[in-house]
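Notes for the one structure printed next.
The values are calculated or read from the model by the stated rules, or taken from the named source; none is laboratory data. Quick caveat: nothing in here was measured; it's all calculated off a predicted structure. Heads up, the Cβs are rebuilt from the backbone with ideal geometry, glycines too, and the neighbour counts pull from every protein chain shown. Side chains are part of the model used for accessible areas, which takes the heavy atoms of the whole protein and leaves out ligands, DNA and RNA. Shrake-Rupley method; radii C 1.70, N 1.55, O 1.52, S 1.80 Å.
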Amino acid sequence: MITGLALTTCFLLSLILTPVVRKLAFKIGATDQPNHRKVHKGAMARLGGLSIYAAFLAGLLILQPENAYMPYILTAGTIIFITGFLDDLTELSAKWKLLGQIAAAVIVILGGVQIDFINLPFDGRLYLGWFSIPLTLLWIIGITNAINLIDGLDGLAAGVSSIVLATVSVLSIIQGDIFIVALGIALLGGTLGFLVHNFNPAKIFMGDSGALFLGFMIGVISLLGFKNVTIFSLVVPVIILAVPISDTFFAIIRRVVNKQPLSAPDKSHLHHCLLRLGYTHRQTVMIIYAMSLFFGMSAVMFTISTLWVSLVIMMLLLIAIELMAEFVGLVNTQYRPVMRLMNKFNLPKRP
């Protein structure tokens with residue numbers, strides 16, 4: 001009952017605040033100007049993360065989740081939001097944005113949010129020891145930037161994040177993890193309210209204040225929510241976040257293959273590739289929504305399945321991701337090893 005109230009309140013608050021934030025963004029100069037890498041044609045307000053952040057805080061006030069992690073998560077989330085806010089306002093250098101992400105991640109790690117171990121099949125457990133801190137840091141910063149990288153089309157990052165948060169909330173309800181449910185619901189409500197104004201044609205962008213905040217919170221929540229899953233604990237959040245993770249992974253491969261710096265921007269992310277294939281702006285967004293929903297449902301199936309079924313699901317998902325990358329050209333148009341292998345088994349037809 002109270003979760004429904006919180007979800008509705010966060011949604012309505014974000015829905016009402018976003019037009020106000022849009023006016024504020026234009027007033028203070030927090031706008032996104034068009035260039036050769038962007039699809040919008042005119043200046044756009046890019047401070048939408050403010051309404052998501054405010055709605056999230058309102059949700060916490062309603063749900064009042066009690067957990068030792070809460071002060072650290074709230075402090076770190078505020079730091080990452082301020083980092084994004086300053087970037088929306090003044091366009092911070094990559095160095096300062098990374099510094100803000102590291103500071104926020106270190107705070108939650110000091111608060112106990114760590115990947116101490118990974119559950120393995122047959123009641124096994126891999127303890128990470130000193131590798132726990134760098135792996136946790138890498139995960140949080142990686143997911144933060146993965147969400148930021150898919151924020152390239154109207155409604156894309158907000159919609160994918162909403163699907164991810166809905167999946168996390170459902171699985172947390174199944175597991176009885178009330179704390180993660182509270183965080184997920186508060187974020188979901190705020191993101192959905194913002195999405196109404198951000199869907200194509202967008203009236204406002206979430207900016208780094210939204211993308212970094214959502215990415216950071218999703219990274220933290222996914223760690224806390226699934227660290228005790230019996231089978232391959234770290235695999236569950238990877239499946240849920242398969243779209244942004246795979247897009248980031250293939251972006252790294254693409255830049256290595258093309259001998260470009262890892263930080264070099266390009267127009268070969270998943271949404272760019274789908275646009276080049278001829279899909280419209282909305283069609284591209286809906287296709288990626290469908291992909292995210294597919295992986296979300298796969299994560300639920302993975303969680304409730306037996307070991308061997310989970311292994312089969314994991315193998316099929318890896319093949320699906322590789323085929324998707326080859327079909328749309330995420331690395332380049334010549335990178336098609338699996339598709340070429342499959343073609344070799346297609347015997348020539350008799351005349």
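The numbered conditions (1) under 20 Å from the mean Cα position of the chain (by Cα); (2) within 27 Å of N258 (Cα to Cα) are all true for E326 except (1). Listed by first and then second residue, the pairs with beta-carbon distance under 9 Å, at least 6 apart or on different chains, first residue in the range 61-87 and over 16 Å from L187 (Cα atoms) and without any contact (Cβ under 8 Å) to a residue 60 or more places away in the chain, second among the hydrophobic types (A, V, I, L, M, F, W, C) and open to solvent by 70 Å² or more (accessible area, probe 1.4 Å), are Y72/L110; L86/W96.
Looking only at the range 84-105, count how many residues are within 22 Å of I245 (Cβ to Cβ) and either open to solvent by 50 Å² or more (accessible area, probe 1.4 Å) or not in a helix (DSSP H, G or I) (or both). Break it down stepwise before answering.
Within the range 84-105, the first condition is being within 22 Å of I245 (Cβ to Cβ), and the residues that meet it are 84, 94, 97-98, 100-102, 104-105.
Those still in the list that are either open to solvent by 50 Å² or more (accessible area, probe 1.4 Å) or not in a helix (DSSP H, G or I) (or both) too: 94, 98, 102.
Within the range 84-105, residues that are within 22 Å of I245 (Cβ to Cβ) and either open to solvent by 50 Å² or more (accessible area, probe 1.4 Å) or not in a helix (DSSP H, G or I) (or both) number 3.
Applying the selection to the range 288-310, what residues are open to solvent by 50 Å² or more (accessible area, probe 1.4 Å) and assigned to a helix (DSSP H, G or I)? Answer for the range 288-310, where residues must be open to solvent by 50 Å² or more (accessible area, probe 1.4 Å) and assigned to a helix (DSSP H, G or I): A290, L293, F294, M297, M301, I304, W308, V309.
State all residues of the range 141-171 that are aliphatic (A, V, I, L, M) and more than 23 Å from S298 (Cβ to Cβ); if no residue qualifies, say none. Write out each step before concluding.
Pass one, the range 141-171, residues aliphatic (A, V, I, L, M): 141, 143, 146-147, 149-150, 153, 156-158, 160, 163-166, 168, 170-171.
Once the filter is applied, which keeps residues that are aliphatic (A, V, I, L, M) and more than 23 Å from S298 (Cβ to Cβ), the range 141-171 yields I141, L153.
Considering the range 234-282, the qualifying helices (runs of 4 or more DSSP H), each wholly inside and each with 2 or more residues that are open to solvent by less than 80 Å² (accessible area, probe 1.4 Å), modelled with pLDDT of 85 or more and under 20 Å from S298 (Cα atoms), run over 235-240, 242-257.
All of (1) in contact (Cβ under 8 Å) with a residue 40 or more places away in the chain; (2) in contact with a helix residue (DSSP H, G or I) (Cβ under 7 Å, 6 or more places away or on another chain) hold for I287 with one exception: (1).
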